[in-house]
Amino acid sequence: MAEAPAVLYSGVIDHQRPPEWAGTVVGLTGVQPSVANRTAAAALLLLVDGEVFALTYGLGHHLIAPGYLAPGFGLAFNLRALGPGAVRHVTHTAMDARGRTDRNSVAVDQRIDTFGIEQYGEIVTRLVGKPKDIPLTFTQGRSRTAQITGSDSLRIHLGQHPEALVADLREILRIYREEKEDTEFGFITRVRPLKSSDPRRTELDTSLDAMLGPDGPQERLALTVPTIHLDGEEATSAYVLKVARARHMLTGDLALDPVRDAVAGLEPGQRLKALKRGSIQGYADEEATEATSSAIPAHKWIAAEANLGSSRFFHHEGQWFEIGDQHTEILHDQVDAILAEPSDIALPDWEPEQKDERTYNEWAAGETEGYTCLDRKLLYTQQHPHGIEGCDLLGPNNELIHVKRAASTAPLSHLFQQGRIAIEALLFDREAREKFVARTRAVDPDRELPDDWLPTTVVFAISLPNHENVSSRSLFTFAQVSLLQTFTALRNLGIKVAVTNITTVK
């Protein structure tokens, strides 16, 4: 076609079966309709300037194996081709296990920032809008510009004659290769999920499997609590790990070592697979009779970072994400700005005799004037039946202080999310707020906390080993994303956020 090599494949999908609704019609009328589903499909493959394009018609997209697709091609094109303030529809998904996907549409053209997307906490997967002035067949001689839809694929009007079609494909390829994304859409490419068909996943999974081995590097491997278990984590006293046909009872705070030890002896290539087949389930009691979570696939508890060439990736809740090279420093700068926020909270050093967070919190509240220990004082509400923790310590000016001692910075993503959940509950759930005030007065009768109290400040107090301070360089990538997401969300609610370090004494 117009000197471009091409292959056409077409056919009919005919299962010789009646449609699903036929049974309902028979039940209602006693009449069997003489109908069957037959669907046409076609795919036209063209080689243009070294790239193969697949034009599909009907159900032709089902004829293309996903592994051959360029992930995010259509979205990447739209980031370069849409006009400023010309977005009509956005599909975006929360970057965690909540499974929330939002589809927002507007009747008139809008800027992307009017759709309320969390710039580091959500992934844009589909973008619909009007293109700017680009020389394609369908944009010429029209008073109204048609919309284009970009996701993995690109839905767009193309020329109806061979020469016009090939010219359109060349222009699409030029824009995709050479044009820069509009600054309006810059945040969309900061963090991207890798599709299941992305060939890099195999190499990244191999790298993670090696980290889980007995000699694997541990610096960028950790265990984190999946989002789906955040509400139940505070009420959890024990975990059951089922992996490689063995059952392990884990009490106290869940750590990486027991999970890694359970698979470290397996053959290379089998460790990550074993975690995917296995599970971790939380229980309120050490006899494992009262579950606080479902059986969550064990690999979804593993956080890891890996590099392929100059690209950085992180594994979170069972999925790989890529953070754009050009945005890494932007993320560092924004996190450093948050960490530089001043705080009046200065907690005492963590002495060796304080073996765990609960012991430290009780001791710190007794040693430091103006502090009340509310660690493990769960608030059970209709919205949070498993209970949430308002804070670990209540500061002199009623600051909500969340304390964490961590062997690495990966678990801090859970701390930041936990703090956000607590603030949102205390702001918007009257039952939670009333119970928090009552619990505080019961623990510390001398504490003045009015009935109409509302939180204004949250402080994350963190103790890391070897006198290390929290920084953008020490934080796991997803912990940075979680901190930035939490900071932005709480700041928009009028809440001040600060991070302070606790010195650990050996």
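Can you work out which of the residues in segment 161-218 that are touching a Pro at 6+ places or on another chain (Cβ under 8 Å) and in a helix (DSSP H, G or I) is modelled with the lowest pLDDT? Only one residue tops the list, namely Glu184. Checking segment 401-420 against the condition returns no match, with no residue being loosely packed, with under 14 Cβ neighbours inside 10 Å and assigned to a loop (DSSP other than H, G, I, E, B).
Evaluate the following for Thr381: is it of a type in the set (Val, Ile, Thr), in a loop (DSSP other than H, G, I, E, B), under 23 Å from Val497 (Cβ atoms) and assigned by the TED database to the domain that holds Leu490? Answer is no for this residue. A single member of Pro84, Pro71 is assigned to a loop (DSSP other than H, G, I, E, B) and in contact (Cβ under 8 Å) with a residue 60 or more places away in the chain, and it is Pro71. Annotation for segment 204-218: at least one member residue is farther than 29 Å from Ile388 by Cα, surrounded by fewer than 16 Cβ atoms within 10 Å (Cβ to Cβ), in contact (Cβ under 8 Å) with a residue 40 or more places away in the chain and out of contact with any His (no Cβ under 9 Å at 6 or more places or on another chain). Looking across segment 285-302, the residues that are surrounded by 15 or more Cβ atoms within 10 Å (Cβ to Cβ) and modelled with pLDDT under 85 come down to Ala291, Thr292, Ser293. Looking across segment 256-284, the residues that are farther than 16 Å from His299 by Cβ and either surrounded by 14 or more Cβ atoms within 10 Å (Cβ to Cβ) or in contact with a Pro (Cβ under 7 Å, 6 or more places away or on another chain) (or both) come down to Gly282, Tyr283, Ala284. Is there a residue being at pLDDT 85 or above, farther than 30 Å from Ser413 by Cβ and not in a strand (DSSP E or B) anywhere in segment 112-119? No. In segment 352-372, the residues that are in the same structural domain as Ala461 (by the TED database) and at pLDDT below 90 form Cβ pairs under 7 Å with partners that are part of a helix (DSSP H, G or I) and of a type in the set (A, V, I, L, M, F, W, C), at six or more places apart or across chains, as follows: Gln354/Trp363.
Okay, residues lined up against (1) within 20 Å of Arg201 (Cβ to Cβ); (2) assigned to a helix (DSSP H, G or I):
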position: His248; (1), (2): no, no
position: Pro258; (1), (2): no, yes
position: Gly269; (1), (2): yes, no
position: Leu272; (1), (2): yes, yes
position: Gln281; (1), (2): no, no
position: Asp285; (1), (2): no, no
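When the residues of segment 328-352 are filtered to those that are within 15 Å of Ser463 (Cα to Cα) and of a type outside the set (Gly, Ala, Ser), the one that is surrounded by the most Cβ atoms within 10 Å (Cβ to Cβ) is Leu347. The set of residues in segment 458-474 being polar (S, T, N, Q), outside any strand (DSSP E or B) and either closer than 20 Å to Ala489 by Cβ or touching a residue at least 40 places away in the same chain (Cβ under 8 Å) (or both) consists of Ser471, Ser472, Ser474.
Could you check segment 486-506 and list, in sequence order, the residues that are in contact (Cβ under 8 Å) with a residue 12 or more places away in the chain, of a type in the set (Lys, Arg) and in the same structural domain as Pro411 (by the TED database)? Show your work before the answer.
The initial filter retains those residues of segment 486-506 that are in contact (Cβ under 8 Å) with a residue 12 or more places away in the chain, namely 486-490, 493-506.
Within this subset, residues satisfying the condition of being of a type in the set (Lys, Arg) are 496, 506.
Lys496, the sole residue that qualifies.
Here's the yes/no breakdown for (1) of a type in the set (Lys, Arg); (2) under 20 Å from the mean Cα position of the chain (by Cα); (3) modelled with pLDDT of 90 or more:
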site	(1), (2), (3)
Leu254	no, no, no
Arg260	yes, no, yes
Val263	no, no, yes
Ala274	no, no, yes
Ala304	no, yes, no
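Residue-by-condition table, conditions (1) surrounded by 11 or more Cβ atoms within 10 Å (Cβ to Cβ); (2) within 30 Å of Val191 (Cβ to Cβ); (3) aromatic (Phe, Trp, Tyr):
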residue	(1), (2), (3)
Ala4	yes, no, no
Gly11	yes, no, no
Glu20	no, no, no
Pro71	yes, yes, no
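Taken together, Leu426, Leu475, Leu449, Leu483 contain a single residue that is under 25 Å from the mean Cα position of the chain (by Cα), in the same structural domain as Gly387 (by the TED database), surrounded by 14 or more Cβ atoms within 10 Å (Cβ to Cβ) and farther than 16 Å from Pro411 by Cβ, which is Leu426. Among all residues of segment 385-399, there is none that is within 30 Å of Glu322 (Cα to Cα) and within 23 Å of the chain's Cα centre (by Cα). Filtering segment 303-320 to residues that are surrounded by 20 or more Cβ atoms within 10 Å (Cβ to Cβ) and part of a strand (DSSP E or B) leaves Ala303, Ala304, Glu305, Ala306, Phe313, Phe314, His315, His316, Trp320. Residues that are crowded, with 22+ Cβ neighbours inside 10 Å and within 26 Å of Leu464 (Cβ to Cβ) do not occur anywhere in segment 379-387.
Report yes if Arg433 is among the basic types (Lys, Arg) and either surrounded by 14 or more Cβ atoms within 10 Å (Cβ to Cβ) or closer than 23 Å to Ile302 by Cα (or both), otherwise no.
Here the answer is yes, as Arg433 does meet what is asked.
In segment 366-390, the qualifying residues are those that are out of contact with any strand residue (DSSP E or B) (no Cβ under 7 Å at 6 or more places or on another chain) and polar (S, T, N, Q), and the one that is farthest from Glu234 (Cα to Cα) is Thr368. Residues in segment 94-108 that are among the acidic types (Asp, Glu) and at pLDDT 70 or above: 1 in all.
Against the definition (surrounded by fewer than 17 Cβ atoms within 10 Å (Cβ to Cβ) and in contact with a Leu (Cβ under 7 Å, 6 or more places away or on another chain)), how does Glu179 come out, yes or no?
no
The values are calculated or read from the model by the stated rules, or taken from the named source; none is laboratory data. Bear in mind that the values here come from a model prediction, so they are computed numbers and not experimental data. Note: ideal-geometry Cβ built from the backbone for every residue, glycine included; neighbour counts use all protein chains shown.
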